[in-house]
Each structure stands twice: as C-alpha cells, then as structure tokens.
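Asker: Here it is, the structure, as structure tokens.
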Amino acid sequence: MPRDKRTEKRIKTVHPALLDELNCIYDEIVATVNSKYVQVRFSTVYRSGSKQNKLYAKGRTAPGRKVTWVRAGGSYHNYGLAVDIVLLIDADKNGTFEKASWNTKYDGNNNGIAEWLEVVKIFNAYGWRWGLFNKKGKRYDLPHFQKSMGYRIKDLKRLRRDGRGYVVFT
C-alpha cells in the first residue's frame with residue numbers, strides 16, 4: 001500500500017529526535033494495517049500554540065464543543081511529541097477513502113483485530129503511550145499517542161529551544 005501524502009507531510013513536523021522512529025512506525029502501519037479499503041492517517045502531529053489556543057476556545061469563547069482541555073504549551077503536540085490518528089475508509093469501494101472514522105472496533109480487513117488496536121500495538125512497541133487517562137483512570141482521547149521522552153509538560157516548558165523551535169533535550 002502507498003504512504004498517505006498528508007501523513008508524510010505531518011510526520012516531518014514531529015520532534016527531530018523522533019523523526020526516524022515515526023517513519024518506521026508509519027511504515028509498519030502501512031504494511032500491516034492499511035488495506036485496499038482502510039488507511040490510517042496521522043491527522044495531527046505538531047500543533048502550534050496559536051492553533052492550540054483556537055482549539056481551546058471551542059466550546060468556551062468560540063462556537064462548537066470542547067475539544068481540548070489545555071491552552072498553548074499544555075499539549076505534547078506543541079512540542080512535536082504526539083500524534084493523533086484517524087481511519088480513512090473507502091465505504092463505496094471506489095478508491096476514494098471518503099469517510100473518516102474514529103471507530104476503535106472497526107475491522108475493515110476482516111482479520112479479527114480492529115485496525116485501531118493494530119495501530120496501538122505498533123505504537124506501544126516503540127514506547128508510545130496511547131490515549132490519556134482521567135482522574136478516575138478511564139482512558140479517553142483515543143486517537144492520541146504521545147512519547148514524552150521522560151519529560152512532563154511543566155519540564156518541557158522550561159527547556160531551551162533550537163532554531164526551529166523544538167525543545168532541546170539534555
């Protein structure tokens with residue numbers, strides 16, 4: 001299966017320390033998850049502070065429902081250390097992938113394992129964390145994967161930045 005061009009472009013925005021790894025992850029996804037009628041797209045990798053604040057405003061000072069709980073600097077996306085995914089489905093089987101899906105149980109290739117869980121397995125093998133957990137320990141934000149590199153957000157906020165704006169790990 002070919003690589004998705006939008007995903008390839010978004011991979012290039014990941015923190016440079018994770019670029020090769022994320023390319024390997026995506027290669028595995030393409031080889032083992034993508035099929036004639038289902039593809040995995042990385043919908044977000046790096047997210048700028050201004051984009052983060054616009055998302056934060058949704059459901060608060062802007063129309064729409066709340067989609068994030070943190071302002072600029074509060075998301076691992078703001079450091080190029082997170083990936084969100086979406087399944088693209090060719091529902092009418094004409095090669096156009098016209099439907100976006102966040103159905104974690106969808107098994108379009110009929111191998112008995114949901115595509116979403118196949119992706120989780122690949123990211124986990126590289127040490128990425130799937131989703132986030134609320135105070136009650138319930139997993140949420142299922143499209144989200146992150147690799148903190150051992151840093152909490154408050155630590156990342158204090159680190160020096162390189163010429164491209166990425167934090168410099170010491």
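Asker: Quick check on this structure: which one of N23, N78, N53 is in a helix (DSSP H, G or I), modelled with pLDDT of 95 or more, touching an Asp or Glu at 6+ places or on another chain (Cβ under 9 Å) and not aliphatic (A, V, I, L, M)?
Answerer: The match here is N23.
Asker: Based on what the data block shows, is Y37 touching a strand residue (DSSP E or B) at 6+ places or on another chain (Cβ under 8 Å), of a type outside the set (K, R) and under 18 Å from M149 (Cβ atoms)?
Answerer: It is false that Y37 is touching a strand residue (DSSP E or B) at 6+ places or on another chain (Cβ under 8 Å), of a type outside the set (K, R) and under 18 Å from M149 (Cβ atoms).
Asker: Does any residue in segment 129-143 that is in contact (Cβ under 8 Å) with a residue 12 or more places away in the chain and under 15 Å from S43 (Cα atoms) come within less than 6 Å, Cβ to Cβ, of a residue that is charged (D, E, K, R) and surrounded by 10 or more Cβ atoms within 10 Å (Cβ to Cβ) six or more places away or on a different chain, and which pairs are these?
Answerer: G131/R139; G131/D141; P143/D84
Asker: Within segment 123-142, is there a residue that is modelled with pLDDT under 95, more than 13 Å from the chain's Cα centre (by Cα), not in a loop (DSSP other than H, G, I, E, B) and not charged (D, E, K, R)?
Answerer: Scanning segment 123-142 turns up at least one residue that is modelled with pLDDT under 95, more than 13 Å from the chain's Cα centre (by Cα), not in a loop (DSSP other than H, G, I, E, B) and not charged (D, E, K, R).
Asker: Can you tell me which residues in segment 11-67 are small (G, A, S) and either at negative phi or surrounded by 17 or more Cβ atoms within 10 Å (Cβ to Cβ) (or both)?
Answerer: Answer for segment 11-67, where residues must be small (G, A, S) and either at negative phi or surrounded by 17 or more Cβ atoms within 10 Å (Cβ to Cβ) (or both): A17, A31, S35, S43, S48, G49, S50, A57, A62.
Asker: Right, something else. Can you find a residue that is aliphatic (A, V, I, L, M) and not in a loop (DSSP other than H, G, I, E, B) anywhere in segment 102-116?
Answerer: No, because not a single residue in segment 102-116 is aliphatic (A, V, I, L, M) and not in a loop (DSSP other than H, G, I, E, B).
Asker: Anything in segment 130-170 that is out of contact with any helix residue (DSSP H, G or I) (no Cβ under 8 Å at 6 or more places or on another chain) and surrounded by 12 or more Cβ atoms within 10 Å (Cβ to Cβ)? List them, or say none.
Answerer: Matches in segment 130-170: G131, L132, D141, P143, H144, Y151, D155, K157, L159, G165.
Asker: Which condition does A91 not pass, out of (1) closer than 26 Å to M1 by Cα; (2) in contact with a Lys or Arg (Cβ under 7 Å, 6 or more places away or on another chain); (3) outside any loop (DSSP other than H, G, I, E, B), if it passes all the others?
Answerer: Every condition holds for A91 apart from (3).
The values are calculated or read from the model by the stated rules, or taken from the named source; none is laboratory data. Only a predicted model underlies this, so the values are computations on that prediction, with no experimental measurement involved. Neighbour counts run over all protein chains shown; Cβ positions are idealised from the backbone, glycine included.
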